[in-house]
Amino acid sequence: MTTNIESTSAPESAERRRLLGTGLGLLGAGWLPDVARAQDWPSRPIKIIAAQAPGSSNDATARALAEYMTGRLGVPVVVENRPGAIGMIAADAVARSAPDGYTLLITLHSQLAQAPVLLKKVPLDTTKDLTPIAAFSTGTSPMVVKKDLPVKNFKELIELARKRPVSVGNYGIGSGWQLMMSQLAKQTGAKFDLVNYKGTGPMVFDLMAGNIDMGAGSMAGMAAGIQRGAFRPILVISGDRSERLLPGIPTWADEGFTGPAFENLKECNMVLGPANLPKEVVRRLAEVALESSTKSEPVKTVLTQLGVESPPWTGVELQKFIQQTWPTYQKMTRELGLMVE
């Protein structure tokens, strides 16, 4: 009986070895499950493509995060700026990259929300071709008026804008700021003349020169002008009220303005990878992003300068943020009929 068992099992053992060899061959060819593929990650340099130019909160966040990742992950992490086309140049480059965790995107999330509505042709599906990993708030964003505009506070601004048009600098077509001002005009009867700029820098320059009456942006772009007295903050349009950065300056809610336009159009610098990024790599990257907000001095410095007091959003919290904000951006943009040629 024993002899018979041995004689019949030998071919079966050989078949098992053949199948096992085939399986290992498939794994070597790239048929690896998420966890197995992520075991050796990272083993070479990582590139973060930033969708905005140097000097922006996006660039500053990317470079501080890259420095922390380099030390934490043990491989070089470099930042490459590819601004333009409402962030789609950078987003498309990452969407087309291999889903291996070595090419990442950091961009203003509003651009991902807005591109399908603002552009006639979009090179990617921003909801399917990218994997959200983490999001850093852009913090406290002030509404400012030029130094000699004859208003002391937000209420006086509305009163002035009801009497005569007030020129408003807009750092990007379809920005949350533009959508807020459109809603504000509807609700108050105030008259605002929008002046579009390619970025915060040119808008701030004209504000300092007194060529426009008011504008808004992150503290990264507005702090210097406020400190010099070139323009004055009168409202916090996004983020939390900050007695440290903007003492006594109210929020929309403080002034009695609520609803999607004033509550949902939050901004953040979002970190993403291409679609089909292994779950284990996403988990590790999200973990590093969260760590950086408390363990990295450069990241903490950037967030402090921006007035950010909350940790990065990841996982379910990040998905909820996207589901709340993107529909508001898109609905209001369609209602205004905004398009970028």
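The values are calculated or read from the model by the stated rules, or taken from the named source; none is laboratory data. Treat the numbers as computed from the prediction; the structure is a model and nothing was measured. Positions of Cβ are generated from backbone atoms using ideal geometry, with glycine treated the same way; all protein chains shown enter the neighbour counts.
Residue-wise test of (1) touching a Leu at 6+ places or on another chain (Cβ under 7 Å); (2) among the basic types (K, R); (3) closer than 30 Å to A185 by Cβ.
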| site | (1), (2), (3) |
| --- | --- |
| G71 | no, no, no |
| P76 | no, no, no |
| N81 | no, no, no |
| A115 | no, no, yes |
| P123 | no, no, no |
| D129 | no, no, no |
| T138 | yes, no, yes |
| L160 | no, no, yes |
| V166 | yes, no, yes |
Legend entry - Hits in region 214-250 (condition: of a type in the set (S, T, Y), under 20 Å from K320 (Cβ atoms) and part of a loop (DSSP other than H, G, I, E, B)): none
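Mind listing whichever residues of region 49-66 are in contact with a Pro (Cβ under 7 Å, 6 or more places away or on another chain) and assigned to a helix (DSSP H, G or I)?
Residue satisfying the conditions is A64 alone.
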Inset, instruction - Only residues that are out of contact with any Phe, Trp or Tyr (no Cβ under 9 Å at 6 or more places or on another chain) and surrounded by 16 or more Cβ atoms within 10 Å (Cβ to Cβ): list them for region 214-234, please. - result: S218, M219, A220, A223, I226, A230, F231, R232, P233
Inset, instruction - Scan region 165-187 and give yes if some residue there is within 16 Å of the chain's Cα centre (by Cα), modelled with pLDDT of 95 or more, part of a strand (DSSP E or B) and not polar (S, T, N, Q), otherwise no. - result: no
Legend entry - Test: A115 is more than 30 Å from K295 (Cβ to Cβ), among the aliphatic types (A, V, I, L, M) and either outside the structural domain of G210 (by TED's automatic domain parsing) or in a loop (DSSP other than H, G, I, E, B) (or both): yes
Inset, instruction - Provide a single number: the residues in region 117-175 that are without any contact (Cβ under 8 Å) to a residue 12 or more places away in the chain and either in contact with a Lys or Arg (Cβ under 7 Å, 6 or more places away or on another chain) or acidic (D, E) (or both). - result: 3
Inset, instruction - Name the helices (runs of 4 or more DSSP H) wholly inside region 251-334 in which the number of residues that are touching an Asp or Glu at 6+ places or on another chain (Cβ under 9 Å) and crowded, with 17+ Cβ neighbours inside 10 Å is 2 or more. - result: 279-295, 297-306
Inset, instruction - Take the residues in region 67-107 that are in contact with a Pro (Cβ under 9 Å, 6 or more places away or on another chain), small (G, A, S) and outside any loop (DSSP other than H, G, I, E, B), then tell me which one is surrounded by the fewest Cβ atoms within 10 Å (Cβ to Cβ). - result: A85
Legend entry - region 38-54 - residue that is of a type in the set (G, A, S) and more than 15 Å from the chain's Cα centre (by Cα) and, of those, surrounded by the most Cβ atoms within 10 Å (Cβ to Cβ): A38
Legend entry - Hey, T131 among the polar types (S, T, N, Q), at pLDDT 95 or above, surrounded by 15 or more Cβ atoms within 10 Å (Cβ to Cβ) and in a loop (DSSP other than H, G, I, E, B) or not: no
Inset, instruction - Consider A216 carefully, then state whether it is of a type in the set (G, A, S) and either under 24 Å from the mean Cα position of the chain (by Cα) or not assigned by TED's automatic domain parsing to the domain that holds G239 (or both). - result: yes
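Do you know which residues across region 227-281 are among the β-branched types (V, I, T) and closer than 30 Å to R96 by Cβ?
As a first pass, look at region 227-281 and keep what is among the β-branched types (V, I, T): 234, 236-237, 249, 251, 258, 271, 281.
Of everything in region 227-281, those that are among the β-branched types (V, I, T) and closer than 30 Å to R96 by Cβ turn out to be V271, V281.
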Inset, instruction - Within region 193-213, work out how many residues are surrounded by 15 or more Cβ atoms within 10 Å (Cβ to Cβ) and either assigned to a loop (DSSP other than H, G, I, E, B) or of a type in the set (D, E) (or both). - result: 5
